[in-house]
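Just below is one structure, and these are the notes that go with it.
The values are calculated or read from the model by the stated rules, or taken from the named source; none is laboratory data. It should be emphasised that the depicted structure is a prediction, and the values quoted were computed from it without experimental measurement. When we count neighbours, we look across all protein chains shown, and the Cβ atoms used for this are built from the backbone with ideal geometry, even at glycine.
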Amino acid sequence: MAVPKKKLAELTIQALIDPEWEARVIHKLPLRGRQVEVIQRVEAHVRAHNGGGMTVKLPRQTGKNQVSAILQRRHLMHRRFSPSYQCWIRTAPTHKPQIVNSKKRLREVLAVGDKNLIKYPLMKNEKLIKEEGYIWRVGNAAIEFLSSGPEANVVGATASTALDMDEAHKVDKDKFDEDFMPFTANTNAATILWGVGGNGLDTLQHYSDLNKASGNEHLNICIPCDYWMETHEPYRKHVESRVNALGWDHPIIRTQYKLESIAALGSFLNQMHINTLFSGTHERHRSPRDGVHYEMLVDIAAGNEEFNPDDILQGVEDVATDSSAIWIYEVTNLVASNGLFPIILIRDVIWLTGNSLASTEAIIKSTIESWNIQKATIDSVGVGRQIGESIKKLFGENVVNAYVASDTTVSEDCYGLLARLNSASVFMFANDNSKEFEEIERQAGWTQYQASKGKMKLRKPKADKHIDLIKALTYINQNNPTAGVGQLFFNEGDYGI
């Protein structure tokens, strides 16, 4: 039975005034916690039509995309009978999956059915018109979906109601100023920037700082994970599982859950990581023991036979001469509540500075044979490619991974080592007063990370300081001794609020 127009108008007005009532009574999907507050504050900013950028930082898995879709639905519902075209522009760094997911969310909250007819009670049987592949319109109200990626060509669009940018912490600041700021120049429409913590130099942080400096801090919304953990039990368990694997100080936890912006550069290992790594009490083994499962990690450097490795420890190195690093470790599995938990005991380290590539290859081969290595990851980028492929051919791909790293896998390797150290599962052999041990201590203290767009890589603090040993240790993620820590670290539960 159709709702009389007068009654429908009254319900619509009530819904626009009270989003909590709309969600509970009309949508039958109640909003949780401070989601109502976010909707009310964003809509107040839009109604004010004073321009300016509102920043909205919400942790992962707290319903950010759902809230955004509800705001878009309310825009269509409120402005579809406007005498002029009312445009809300939604952007995201990628078309697939982010723009695709935004469309999917909006389709769900509108309850779009056959022939694009809307089933949502307050807009029932009105038609969702799709134009040009990126415009969704009801009457004179529209949502335009655009990519904010670095290669996107978006010049010329106009946002009459709002510019709504997802993952703004990943959007290049210069591109935003050049391509997106003009969207609101003639309309003074609101800008809404969604995201999490970034590197402190990103678009989202810039406008958050600008609001503080200009006395507009009311335009900054930041609700870290602590609040959501107190109000939603499944979410609390989700965050705790992540923290148990990574630790509160991990960049992922700090940026995506605590919503902190952290420096783009910093020390890779903090003092807790270093203390854990060097807390081992087991002895160094110069040769294998019977019945032990050994694995190996190799980072290969170009040869330089004129270089004196003693110069490194004496601090008189004049040129950057990298070293090849070989880690040999023993894997001991402990039974934990989530399955087998791997304990990694470093048993030996071979540090080769100035060796020829032929000599390095011979040492790698003899080490695999003498230690009966079960898994070996060998850096096979650049000068290491021929060595990695040759040794894989000799021992087989089940034993040797000729590893060709990418930006993505390098980042995963870095985070993987931090996860294992946070879980107290990687231990150096006890100090044997060797040059190798001393160099590992030095590199652990000075190796830095560089973060950009959610990915991490290692960097030297100076050209004459080596990080080869720490870089090679991150390859442990490629060997993946057992799935225990990997499951804690990489598997993300879907606890939408």
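Quick look at the values:
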| quantity | calculated |
| --- | --- |
| Candidates A402, A419, A444, A376, filtered to the one that is surrounded by 19 or more Cβ atoms within 10 Å (Cβ to Cβ), touching a Leu at 6+ places or on another chain (Cβ under 8 Å) and in a strand (DSSP E or B) | A376 |
| Criterion: assigned by TED's automatic domain parsing to the domain that holds M428, modelled with pLDDT under 90 and closer than 23 Å to N398 by Cα - qualifying residue of T321, T332 | T332 |
| Subset tally (residues that are over 30 Å from M456 (Cα atoms) and surrounded by 12 or more Cβ atoms within 10 Å (Cβ to Cβ)) for segment 276-293 | 6 |
| Filter pass, E305 being modelled with pLDDT under 90 and charged (D, E, K, R) | yes |
| Criterion violated by S370 - all others in (1) crowded, with 16+ Cβ neighbours inside 10 Å; (2) touching a residue at least 60 places away in the same chain (Cβ under 8 Å); (3) assigned to a helix (DSSP H, G or I) satisfied | (1) |
| Residues being at pLDDT 90 or above and over 19 Å from K57 (Cα atoms) - total across segment 244-267 | 0 |
| Selection from segment 79-137 of residues that are among the basic types (K, R) and in contact with a helix residue (DSSP H, G or I) (Cβ under 6 Å, 6 or more places away or on another chain) | R90, R105, K127 |
| Qualifying residue in segment 212-224 (condition: farther than 25 Å from S425 by Cα and of a type in the set (V, I, T)) | yes |
| Scan of segment 223-255 for residues that are among the hydrophobic types (A, V, I, L, M, F, W, C), buried (at least 16 other Cβ atoms within 10 Å of the Cβ) and under 19 Å from the mean Cα position of the chain (by Cα), ordered by number | I223, C225, V239, V243, A245, L246, I252, I253 |
| Test: residue in segment 187-198 that is more than 29 Å from L117 (Cα to Cα), in contact with a His (Cβ under 9 Å, 6 or more places away or on another chain), modelled with pLDDT of 90 or more and surrounded by fewer than 21 Cβ atoms within 10 Å (Cβ to Cβ) | yes |
| Verdict on H273 being under 16 Å from I440 (Cα atoms) and either touching a helix residue (DSSP H, G or I) at 6+ places or on another chain (Cβ under 9 Å) or modelled with pLDDT of 90 or more (or both) | yes |
| Some residue of segment 203-213 being within 16 Å of the chain's Cα centre (by Cα) and either buried (at least 20 other Cβ atoms within 10 Å of the Cβ) or closer than 25 Å to S411 by Cβ (or both) | yes |
| Test result for S241, of a type outside the set (D, E) and at pLDDT 95 or above | no |
| Extreme residue, modelled with the lowest pLDDT, among residues of segment 33-43 that are among the charged types (D, E, K, R) and under 13 Å from L58 (Cα atoms) | R34 |
| Residue in segment 39-55 that is touching a Cys at 6+ places or on another chain (Cβ under 8 Å) and touching a residue at least 24 places away in the same chain (Cβ under 8 Å) present | yes |
| Breaking point among (1) in contact with a Phe, Trp or Tyr (Cβ under 7 Å, 6 or more places away or on another chain); (2) not in a helix (DSSP H, G or I), for N433 | (1) |
| Considering residues of segment 111-123 that are without any contact (Cβ under 8 Å) to a residue 40 or more places away in the chain and out of contact with any Phe, Trp or Tyr (no Cβ under 6 Å at 6 or more places or on another chain) only, the residue surrounded by the most Cβ atoms within 10 Å (Cβ to Cβ) | I118 |
| Of all residues making up segment 383-399, the number that are free of Cβ contacts under 8 Å to residues at least 40 places away in the same chain and either outside the structural domain of A301 (by TED's automatic domain parsing) or not in a helix (DSSP H, G or I) (or both) | 4 |
| Residues located in segment 264-275, provided they are over 15 Å from the mean Cα position of the chain (by Cα) and surrounded by fewer than 20 Cβ atoms within 10 Å (Cβ to Cβ) | L265, G266, S267, N270, Q271, M272, I274, N275 |
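Conditions tested, residue by residue: (1) assigned to a helix (DSSP H, G or I); (2) of a type in the set (D, E, K, R); (3) within 21 Å of G63 (Cβ to Cβ); (4) at pLDDT 95 or above.
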{"residue": "Q98", "(1), (2), (3), (4)": "yes, no, yes, no"}
{"residue": "L146", "(1), (2), (3), (4)": "no, no, no, no"}
{"residue": "V155", "(1), (2), (3), (4)": "no, no, no, no"}
{"residue": "D179", "(1), (2), (3), (4)": "yes, yes, no, no"}
{"residue": "G200", "(1), (2), (3), (4)": "no, no, no, no"}
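Okay, residues lined up against (1) more than 24 Å from V171 (Cα to Cα); (2) basic (K, R); (3) not in a strand (DSSP E or B):
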{"position": "G197", "(1), (2), (3)": "no, no, yes"}
{"position": "D209", "(1), (2), (3)": "no, no, yes"}
{"position": "K212", "(1), (2), (3)": "no, yes, yes"}
{"position": "H218", "(1), (2), (3)": "no, no, yes"}
{"position": "Y235", "(1), (2), (3)": "yes, no, yes"}
{"position": "E240", "(1), (2), (3)": "yes, no, yes"}
{"position": "W248", "(1), (2), (3)": "yes, no, yes"}
{"position": "R254", "(1), (2), (3)": "no, yes, yes"}
{"position": "R286", "(1), (2), (3)": "yes, yes, yes"}
